[in-house]
Amino acid sequence: MGDLFSWLFSFFFLIALLVLVVYQLMCLADLEFDYINPYDSSSRINRVILPEFISQGVLCLFYLATGHWCMSLFCVPYLYYNVRLYLRRQHLVDVTEIFNLLHREKKLRLFKLFHLIFLLFLSIFWMILTALDEHQ
Amino acid sequence: MGTENPGRQQFPPARPVATPFSVAPPQNMMPFSSSGPVVGSEASGFRPIPPGAPQPMVPSSTHVVGSQASGFRPSPITRFSDPSVPSPPTANVPPIAGQFQRFPAPHFPSTVQAPLSHAPPIGQPLAQPPAPPVSFRPRPQIPPVPMGSPPQTVNPAVPSLSAPYSSSDSMYQAPRPNFQSSFPGYVRMQSNADSQAPPIPPPFPTHQGGYASSAPPPSSYPYLAQPGGYVPHPPVAAPLGMQSRDQMQHFGSGPPSGSIQGLMEDFSSLSIASVPGSIDPGIDSKSLPRPLEGDVEPKLLAEMYPMNCDPRYLRLTTSAIPSSQSLSSRWHLPLGAIICPLAEAPDGEEVPVVNFTSTGIIRCRRCRTYVNPFVTFTDSGRKWRCNICSLLNDVPGEYFAHLDASGIRIDLDQRPELTKGSVEFVAPTEYMMRPPMPPVYFFLIDVSISAVRSGMIEIVAQTIRSCLDELPGFPRTQIGFATFDSAIHFYNMKSSLTQPQMMVVSDLDDIFVPLPDDLLVNLSESRSVVEAFLDSLPSMFNDNANVESAFGPALKAAFMVMNQLGGKLLIFQNTLPSLGVGRLKLRGDDLRVYGTDKENMLRLPEDPFYKQMAAELTKYQISVNVYALSDKYTDIASLGTLAKYTGGQVYYYPSFQSAIHGEKLRNELTRDLTRETAWEAVMRIRCGKGVRFSSYHGNFMLRSTDLMALPAVDCDKAYAAQLSLEDTLLTTPTVYFQVALLYTASCGERRIRVHTAAAPVVADLGEMYRQADCGAIVSLFSRLAIEKTLSHKLEDARNSLQLRIVKALKEYRNLYAVQHRLGGRMIYPESLKFLPLYGLALCRSKPLRGGYADASLDERCSAGYTMVALPVKKLLKLLYPSFIRLDEYLLKASAQVDDLKRLPLAAENLDARGLYLYDDGFRFVIWFGRALSPDIAMNLLGADFAAELLKVNLKERDKEMSRKLMSTLEKFRESDRSYYQQCHLVRQGEQPIEGFLLLSNLVEDQMGGSNGYVDWLLQIHRQVQQNA
């Protein structure tokens, strides 16, 4: 039973992460099409960056703690990248250069998005498998 | 080449004749003899007339008729026949027609004619009997030479002559000048050739002037002039004479006369005959291209589209826009524009102001383009078609005017916006977010001990006081002051007070502004208080011993004072920020960082506080000018960020001492305060369908993808933008660009300055190169390279610059490599002849040069911030400064300033007996040669003559020479007021001052690890040839 709950928990975590990343992407797209100004855009993005980093870290540790070391391993590159950005103090979006970096930032977040979707499918798969296992 | 045949047939008759000359083996002659007639008979239409020819005499000659009418003129062959033919003087003109046609050459029985027409040739057979008769005739016959004989014939004749020619006797003198003048390149060549193989065949007939000197290999085939076609250039590496000379010559491409143009190659070239790796580059460095005339604005486009805005406002890197993406990817140079929206216009060319009070500003409905000279009116004047998006718009009733028969509005002459490329519209209220702001000046002045000691405060206070009358925008101008050391001092200058009140805030963590309303006051109301403050400011802090600097908090406080209105914030900073938010630490003295991946971090702001502040300041329309005056490291990299993103400027005065640098600070501050400034501006560049501006470079912040926010702009700022093609293929024949700057003028009027330009779309890469604008390209390159140093190592930035130049030249070479045998020549378009030199100068400029030891970090950063904002002319002057010898000019009373000639920037031009002036637009360096006559030095320096020059200030003395020098310097300063050139004096051999003031700036010399001009060219040439 505990296993199922751990999968459920990770599922919601992943959904939350997805929402955060998609939100950032939306802000960037809005900026690109001139719906919002760079100040608002970057402050909105910067507001959710730390929550994203933290919840991702928690998720990774959670997988490790619950013994799903394979899933944890999948999370590690993402975590490493985030930590590296943070240590270099490059994790926040720079409002003055945002237009020059727009392309890069968008690509980066799209990669994150695909990574998360991949994890999401995996976790759904495991969740269903666990549910079926326990059912029998 | 059918033409060859006739030529060869002719040959036989000539050959026997030719043999007598031991010098000229028949083999070599052949080409000429053949080419002569051929050309003559065929292509009378394209015979260029040698410019030097005395045309007036033409009509007088008798032969002309016969020989010319049919298009023949005496060909060199005649000459050959001469010796054998004992010159029957009488035979003269009347040749038999038939014979004529068949053998144009031999039939010149007219010895007379022959010698005359080929005066020089005749020199060869000097000793021959025919000579005497010749001597009578020369007179009448000279004329035919220029006229009847196209240069082709002349050409061959001349070189083959070379050896004897020089010794030719007086009787041929008359014609000779002609030849000389028409072949400028020839003379030198001849003397060279003398010593070695005389038989070097003459160059290809068609090549005029300088081209003549590129020696063809002896074996090479006759360079027959193919009518109208190119004449292939011979590979330069001429085995014979040329190579041994190992010379690199610059062939000017200026054709002597217009008609020749069609025959000219349309590229310029340098022949590099040296073998790679040889010790002696063997280059005649004197003939290398140098921009000694300064910057030349491209004229072609202005002629093509006379309604374009002046190039001082907008310059495209190439005036021919590529028609497809594949074409633009082969153009390896940057594609873009340099925009200087408020450039100073000379008197009489001011931008006209248009006020559409009744109609509102006419703009395209869809793309928002402003009405401009390129829009077309249709439907009998009721509609207009936008030139950028080609949408049909309605003409508002009040703006309606009838069209005349040719479709032109009848009121055209009263509509500057339809005739001029640059206009200024008065903007109605829809263009205002708030009422137009008044000009606001806020001064934030460092009063810590080092500032007091340097004397900066006094100069600043005096200068501001003297400028109070000239601040733009009277009577609305507002002004305010704050000073800081470890605390922040505000000054209440309410008009009701007689003396300013000082308020000290020392809580740096939680800044608050006392009396926010009275800190920024109207200048005209509080004039007396402001003056009282400025008078007392220097003495107020005289005994201040505070060494700290609470710069960050002070900046925040200034922001809080100003954010209601915006305006200009002038920061005078003398100490590294050490307290409160935004404090910085010493960095940049770590030698080990250089050359590593972290090197670029030194050039980036250390604390994100500065970027955030810059963004906030821009948002509230505050522009920051930083005056950094420290003698120690002040982290310009961080401080400069403030100026970069707010449309400001960085002034850097290393080790400021009021006695030495005071004048410079005074002048530049005055300029900053009094020049016409545009406030709360935004700028957008629109361009036609299919192209898009993809990146922008300069001091500003982007507010949306294509909107530059410029809290303050003035005439000394230029911006660069790069263009990219969106569509794979452009279908329109013309692309239009429109720069629109919406701003508040100092008088309180909201205005839109619009510059419109058109450029043709081309499908030919060669045309793009032909129309390239070297100044704009270098300008854009320098911005890109400087930006690259922020994310990469210096070396990488230099290498990528070099690589792009090489790629561009390689692409250009490939264009011509097929049709022409290029051999070892380095070819480049005439328009880009200075590109390699400027590229070198850029690599040697302060932001990019060398490594750790070659320039201090602060100097690098401040130069970088300055260079990204410079207009084209100013930047080119900085890259390749003018270098002038003064002593002779000073000694000669009659000499005028205009007579001064710019010299190449190489130490070899320094003569120990001379006095030289180096002027890069930012400073003068006057170099005193070791053997300079003491008289001059005494006259200029007076008693300081023997003192250490570094500490001597050049001032006017009661001597004619001194006055003359000072007035000359003043004249140079007047030509561009944006910066004040401070005078540095240096004596030859005074190291290390001489080294860093002058020698390291002589870009053509080898210096440290970097190349000199010659080596640089060779290196580029070698890279171009690799896998070419």
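Just a few scattered comments:
- In a DSSP loop and with at most 16 other Cβ atoms within 10 Å, the trypsin sites (Lys or Arg not before Pro) in the stretch B:912-978 are B:913, B:930, B:955, B:959, B:977.
- A Förster radius of 25 Å combined with the Cβ-Cβ distance from residue B:474 to residue B:502 puts the calculated FRET efficiency at roughly 0.40.
- Spin-label model distance (nm) - residue B:899 vs residue B:466, 7 Å beyond Cα toward Cβ: 3.4
- If a spin label sat at a point 7 angstrom from the Cα of residue B:663 along the line to its beta carbon, the backbone N atoms of the stretch B:953-990 nearer than 12 Å would be those of B:953-957, B:963, B:965-971, B:973, B:980-985.
- Cut-off of 10 Å, at most 13 other beta carbons, DSSP loop: longest stretch of chain A lacking such chymotrypsin sites (Phe, Trp or Tyr not before Pro): A:36-136
- Within the stretch B:385-444: Cβ-based charge dipole about Cα centre, in debye rounded to nearest 20 (Lys, Arg +1; Asp, Glu -1): 220
- Spacing of the two label points (7 Å from each Cα toward its C-beta) at residue B:365 and residue B:405, in nm: 3.4
- Potential lengthening between residue A:36 and residue A:73 on full extension [0.36 nm per residue; Cα-Cα distance subtracted]: 9.5 nm
- Residue order, fewest to most beta carbons within 10 Å, for A:106, B:892: B:892, A:106
- Applying 1/(1 + (r/R0)^6) with r as the Cβ-Cβ distance of residue A:124 and residue A:91 and R0 = 30 angstrom yields a FRET efficiency of 0.55.
- Using the Cβ of residue B:553 as centre and a radius below 12 Å, the other residues enclosed give a net charge of -3, where K and R count +1 and D and E count -1.
- Neighbourhood charge, 15 Å Cβ-Cβ cut-off, centred on residue B:411 and excluding it, Lys, Arg +1 and Asp, Glu -1: 0
- Dipole size of the stretch A:2-135 about its Cα centre, with +1 on Lys/Arg Cβ and -1 on Asp/Glu Cβ: approximately 420 debye, rounded to the nearest 20.
- Were the residues from residue B:955 through residue B:923 laid out at 0.36 nm apart, the gain over their Cα-Cα distance would be 10.0 nm.
- DSSP-loop trypsin sites (Lys or Arg not before Pro) across the stretch B:595-637, with at most 15 other Cβ within 10 angstrom: B:598, B:632
- Contour minus Cα-Cα distance for residue B:977 and residue B:818 (0.36 nm per residue): 52.3 nm
- Residue-count net charge about residue B:688 - beta-carbon cut-off 11 Å; Lys, Arg +1, Asp, Glu -1: +1
- Projecting label points 7 angstrom from Cα along Cα→Cβ for residue A:61 and residue B:329 puts them 4.9 nm apart.
- A helix-only calculation puts chain A at -30500 deg cm²/dmol for mean residue ellipticity at 222 nm, using -39500 (n - 2.57) for each DSSP H run of at least four residues, averaged over all residues.
- Checking every one of the GluC sites (Glu not before Pro) in the stretch B:424-493 against DSSP loop status and a limit of 15 other Cβ atoms within 10 Å picks out B:470.
- Applying 1/(1 + (r/R0)^6) with r as the Cβ-Cβ distance of residue B:515 and residue A:84 and R0 = 35 angstrom yields a FRET efficiency of 0.15.
Bear in mind that the values in this text are calculations on the coordinates, not laboratory data. Because the structure is predicted, anything quoted here is derived from the model rather than measured. All Cβ positions, glycine included, derive from the backbone under ideal geometry; neighbour counts span all protein chains shown.
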